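Have a look at the structure below before the remarks.
The values are calculated or read from the model by the stated rules, or taken from the named source; none is laboratory data. All values reported here derive from a predicted model rather than from experimental measurement. Please note: Cβ atoms are built from the backbone with ideal geometry, for glycine as well, and neighbour counts cover all protein chains shown. Heavy atoms of the whole protein, side chains included, go into the accessibility calculation; ligands, DNA and RNA do not. Shrake-Rupley method; radii C 1.70, N 1.55, O 1.52, S 1.80 Å.
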Amino acid sequence: MSEPRRADWDERHRGQPPGEAAPFLAAMLKRIPRGVALDVAAGRGRNALALARAGMRVVAVDLSAEAMRSLAATARTARLAIWPVVANLDNFHLKDESFDAIVNINFLDRALFPKFVRALRPGGILIAETFLVEQAAINHPRDPRFLLGHGELRALADGLEIEEYREGLTAYPGGERAFRASMVARRRKSN
């Protein structure tokens, strides 16, 4: 990513609170095995904080140094096991079988999904949620690179067992609505 785009993201995050965890993640927290979690494109850490409060150790990765500084300060104050990492996910190495959970909310890089499958430990869980193609007609994002086709998220989880899958219009508290695909998928345990 270019330095001007990185600066844009830093400016968006500067001085902002982390916010509440994504509702889908909050609803799925009890299903996640405790251990080490990866929060992909973590932003200011709303999901990383929820994972850590639920007893997980969290690696939070984001391109924005400003977001990771903010998350580090919040985690330090709350004494939560979160390790913020400033990195471009295009070249961020995911070691095989290193995470008990991977959370990917509102970020879409199709090339990462095979890496997620390999990075999950046996029994590990992938929670993914992002926008469907219909979202372009009502709000951001509009770029087709960042919008899923119907059934595409399920296909991206090839090699995992789908435990829950939803597609459609989602209503949020406060009246916001978005077309989303949401999934919980688990890596089979070794025999």
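So that you can scan it fast, the table gives a plain yes or no per residue for (1) open to solvent by less than 20 Å² (accessible area, probe 1.4 Å); (2) free of Cβ contacts under 8 Å to residues at least 60 places away in the same chain; (3) in contact with a Gly (Cβ under 8 Å, 6 or more places away or on another chain); (4) not hydrophobic (A, V, I, L, M, F, W, C):
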{"site": "Ser70", "(1), (2), (3), (4)": "no, yes, yes, yes"}
{"site": "Arg79", "(1), (2), (3), (4)": "no, yes, no, yes"}
{"site": "Val86", "(1), (2), (3), (4)": "no, yes, no, no"}
{"site": "Arg121", "(1), (2), (3), (4)": "no, no, yes, yes"}
{"site": "Val133", "(1), (2), (3), (4)": "no, yes, yes, no"}
Notebook entry, point to check: Would it be correct to say that Arg110 is surrounded by 14 or more Cβ atoms within 10 Å (Cβ to Cβ) and not small (Gly, Ala, Ser)?
Noted result: no
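Could you check the range 52-62 and list, in sequence order, the residues that are in a helix (DSSP H, G or I) and among the basic types (Lys, Arg)?
We begin by selecting, within the range 52-62, every residue in a helix (DSSP H, G or I); these are 52-53.
Across the range 52-62, the qualifying residue is only Arg53.
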Margin query: Quick check on Ala75: is it of a type in the set (Gly, Ala, Ser), open to solvent by less than 10 Å² (accessible area, probe 1.4 Å) and modelled with pLDDT of 95 or more?
Written below: yes
Notebook entry, point to check: For the range 88-104, what are the residues that are at pLDDT 95 or above and open to solvent by 40 Å² or more (accessible area, probe 1.4 Å)?
Noted result: Lys95, Asp96, Glu97
Next item on the list: Return yes or no: is Ala42 modelled with pLDDT of 70 or more, within 12 Å of the chain's Cα centre (by Cα) and either assigned to a strand (DSSP E or B) or of a type outside the set (S, T, N, Q) (or both)?
Entry: yes
Next item on the list: Just give me the residues in the range 24-61 being farther than 20 Å from Arg187 by Cα, of a type outside the set (A, V, I, L, M, F, W, C), open to solvent by 20 Å² or more (accessible area, probe 1.4 Å) and touching an Asp or Glu at 6+ places or on another chain (Cβ under 9 Å), in sequence order.
Entry: Arg44, Arg46
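I need the full set of residues from the range 135-153 which are part of a helix (DSSP H, G or I), open to solvent by less than 10 Å² (accessible area, probe 1.4 Å) and closer than 17 Å to Val40 by Cβ, in order please.
Taking the range 135-153 first, the residues part of a helix (DSSP H, G or I) are 135-137, 144-146, 152-153.
Subset that is open to solvent by less than 10 Å² (accessible area, probe 1.4 Å): 135, 153.
Listed by number, the list holds a single entry, Leu153.
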Next item on the list: Taking Ile138 as the residue in question, decide whether it is of a type outside the set (Ser, Thr, Tyr) and under 11 Å from the mean Cα position of the chain (by Cα).
Entry: no
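For residues that are in contact (Cβ under 8 Å) with a residue 60 or more places away in the chain and in contact with a helix residue (DSSP H, G or I) (Cβ under 8 Å, 6 or more places away or on another chain), scanning just the range 181-191, find the one that is most open to solvent (accessible area, probe 1.4 Å). Give the steps one after another, and end with the answer.
Taking the range 181-191 and keeping what is in contact (Cβ under 8 Å) with a residue 60 or more places away in the chain, we get 182, 184-190.
Applying the additional criterion that residues be in contact with a helix residue (DSSP H, G or I) (Cβ under 8 Å, 6 or more places away or on another chain) yields 182, 184, 187.
On the way: Ser182: 6, Val184: 0, Arg187: 55 Å².
Among them, the one singled out is Arg187.
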Notebook entry, point to check: Considering the range 178-191 alone, what residues qualify as being under 19 Å from the mean Cα position of the chain (by Cα) and of a type in the set (Lys, Arg)?
Noted result: Arg180, Arg186, Arg187
Margin query: Consider the range 154-168. How many of its residues are touching a helix residue (DSSP H, G or I) at 6+ places or on another chain (Cβ under 8 Å) and either assigned to a helix (DSSP H, G or I) or more than 27 Å from Arg188 (Cα to Cα) (or both)?
Written below: 1
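Could you grab me the full set of residues in the range 63-94 that are of a type in the set (A, V, I, L, M, F, W, C) and part of a loop (DSSP other than H, G, I, E, B)? Reasoning before the result, please.
Let us first name the residues in the range 63-94 that are of a type in the set (A, V, I, L, M, F, W, C), namely 63, 65, 67-68, 71-73, 75, 78, 80-83, 85-87, 89, 92, 94.
Correct list: Leu63, Leu80, Ala81, Ala87, Phe92, Leu94.
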